Structure formats: structure tokens, C-alpha cells
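Have a look at the structure below, then the notes.
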Amino acid sequence: MMQKRWFKVFIWFASTSFFFLVAAILISELGPEPSEQQAMQFMMGMMDAMHNSMMGLSMSLEHDAGLKSLIGTASYILVPLIVLAVLFGLLVRVRGKRDAG
Amino acid sequence: MSVRFDFIIHWLWTIVFALLTLSGLAMAGAKYGWVLNYDIASADYVHRVLAAIYVLLTFISIAYEVIRAVRYEEKKLGWFIIGKSGYQLFTFITTLIFIITGAIIWVCMDSNMSATAFALYIHEKLTYIVVASVIWHIYVKCHALLWPKKPNTTDKKNVAGTK
């Protein structure tokens, strides 16, 4: 697969895209501060996102009592689940070592 | 031709992560808005949809690792995104932080501003660290970028001559 030409083109494309991302970060961080017009454009974009995108939808969902209780329950069982997962993982490791030994 | 599972996950994850970074940067602040021409609505939509795929890919990867652990498979998966050491471990930890902080931002955006602000700070700064680490990762693995060699015509002639 790695020797296929179309895949090589894809790898080159994917790799260079990350260089573009770094360049975008550097240009934004080291460049001049945004002008008032740019700040307004950003704010307008954010308002648009709240009205027309999932940002607004998720905000309305937060007022959903059922969802709130679900999130509360999920948060409540998170820690015991992590502890159980760690114990299960340790058990698997110990059993694996014992079987190998 | 058989393509390994870890290989597929690696490149799917690469595409998703690159697009997540692009859409995320556009929302990082007014000075980043130019990245997607201040189209925050599209960036937000793309970021949320891809975040779900990102979580799904990570979940599949973790499940795969758990199954391997239960079966006592010790063989290292060279292409896998998560693992016990090195860059795989770094990716695993940073991915979990991205997912947790992302979920906090998504859920608490309107109700708990201090939690959202803290999660946004971690999410943003971690992006810079991880993008820089990806450049290092590309540098270390740059042999993958070598173009496949063309069959050498003189070699073919030599081989034919010896026959």
C-alpha cells in the first residue's frame, strides 16, 4: 500500500496540510492584532453559528431536564467506572504475567 | 492485498485530526478567523461532526487494544494511534484530554462559564503542542515520504544480459 503512487500523493498531501496548520498558527500569533472589522466579522460569525449551527442547538439542549439528569448520572458513574477499568486492566496484566511465567 | 487495521485507523485519524485542527483554529479567536474566512457556523458544524467521528475512532482503537490485552497479544502495532510507550502513549493521553475538554466545552457552554473557559484554554494550548508534535512525528517518519523508485532501465538490461 505504501508503495502505491496515489497513496504517496495522499501522504504528501496529509503531511503538508500540517505544515499549513503550523504556518496558520504562526501567522495568527505573530501577526498584527485583529482590526476592529476583523473582530466584528468574527463576532458576526459566532452569532451566525449560534443561530444556524449546532452551537445554538446544543445550548438549547442544555435546558433539557432529561439531558441534564443523564449528564449528572454519567458524571456520577464516571469515577467508579474508571476505577473498575483500572482494576480490570491490572487483573488482565497480572493473569497474563502469571500464565507467561 | 491485505491492509492492516492499525494502518487504516492511523490514516483515517490523520484526516479527521487535520480537519478538526483546521475548523478548530478558525474558532480560536478573531485573529484566527481568516483561516476559514470567518465562516464560524460552518467551522462549528464541521468541528462537532468530526469530533463525534474522532471519539468513535478513539473508542474503536481503545476497544481493539483491550481485546488484544485480554488475548495477551504482545506484538507492537507499528501504525496504531495508541500504545504503551513513545508517541503512541503521547497521542493516547492528549486524545483523552482533547475529548474530555471538548465534552466540557460542548456541555457547559451556557451553564458553567468558568469550566468552559478552563476547558477552552486547555483545548487550545494542547492543540498548539500536538500540532508541533505532529511536525516532529512527520520529521521522524519522513522515510514514508520517499517516492517509490522507478524501475531502472540499465539494471533491466544488465539482468537480461546475464540470462
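I'd like the residue in region B:1-14 that is surrounded by fewer than 17 Cβ atoms within 10 Å (Cβ to Cβ) and among the β-branched types (Val, Ile, Thr) and, out of all such residues, is farthest from B:Lys141 (Cα to Cα). Step by step, filter region B:1-14, then rank; the result is B:Val3.
Scan region B:11-48 for residues that are part of a helix (DSSP H, G or I) and either more than 20 Å from B:Leu126 (Cα to Cα) or touching a Pro at 6+ places or on another chain (Cβ under 7 Å) (or both) and the total you get is 10.
Residues in region B:1-10 that are more than 7 Å from chain A (Cβ to nearest Cβ), closer than 21 Å to A:Ala14 by Cα and not in a helix (DSSP H, G or I): B:Arg4 only. Of all the numbered requirements in (1) at the interface with chain A (Cβ under 9 Å from one of its Cβ atoms); (2) closer than 30 Å to A:Pro34 by Cβ, B:Tyr72 misses one, and that requirement is (2).
Scanning region A:27-38 for residues being modelled with pLDDT of 90 or more and buried (at least 16 other Cβ atoms within 10 Å of the Cβ) gives a total of 1. Evaluate the following for B:Thr94: is it touching a Leu at 6+ places or on another chain (Cβ under 7 Å) and closer than 18 Å to B:Leu12 by Cβ? Taking the combined requirement at face value, the residue satisfies it.
Within region B:21-43, is there a residue that is closer than 22 Å to B:Leu89 by Cα and either under 17 Å from the mean Cα position of the chain (by Cα) or more than 9 Å from every other protein chain (Cβ to nearest Cβ) (or both)? Yes, region B:21-43 has at least one match.
Is it the case that A:Leu81 is of a type outside the set (Lys, Arg), assigned to a helix (DSSP H, G or I), surrounded by 10 or more Cβ atoms within 10 Å (Cβ to Cβ) and modelled with pLDDT under 80? It is false that A:Leu81 is of a type outside the set (Lys, Arg), assigned to a helix (DSSP H, G or I), surrounded by 10 or more Cβ atoms within 10 Å (Cβ to Cβ) and modelled with pLDDT under 80.
Taken over region A:24-40, the criterion of being at the interface with another protein chain (Cβ under 8 Å from one of its Cβ atoms) and assigned to a loop (DSSP other than H, G, I, E, B) is satisfied by A:Gly31, A:Glu33, A:Pro34. Across region B:57-74, not a single residue is classified as in contact with a Leu (Cβ under 8 Å, 6 or more places away or on another chain), under 30 Å from A:Met47 (Cα atoms) and either in contact (Cβ under 8 Å) with a residue 40 or more places away in the chain or loosely packed, with under 14 Cβ neighbours inside 10 Å (or both). In region A:6-23, which residues are within 15 Å of B:Leu12 (Cα to Cα) and more than 8 Å from chain B (Cβ to nearest Cβ)? Listed by number, the residues that qualify are A:Phe7, A:Phe13. Checking each residue in region B:109-133 for being within 23 Å of B:Ala18 (Cβ to Cβ) and within 12 Å of another protein chain (Cβ to nearest Cβ) picks out B:Glu124, B:Lys125, B:Thr127, B:Tyr128, B:Ile129, B:Val130, B:Val131, B:Ala132, B:Ser133.
The values are calculated or read from the model by the stated rules, or taken from the named source; none is laboratory data. These figures come from a predicted structure and were not determined experimentally. Quick reminder, even Gly has a Cβ in these numbers, built from the backbone with ideal geometry, and neighbours come from all protein chains shown.
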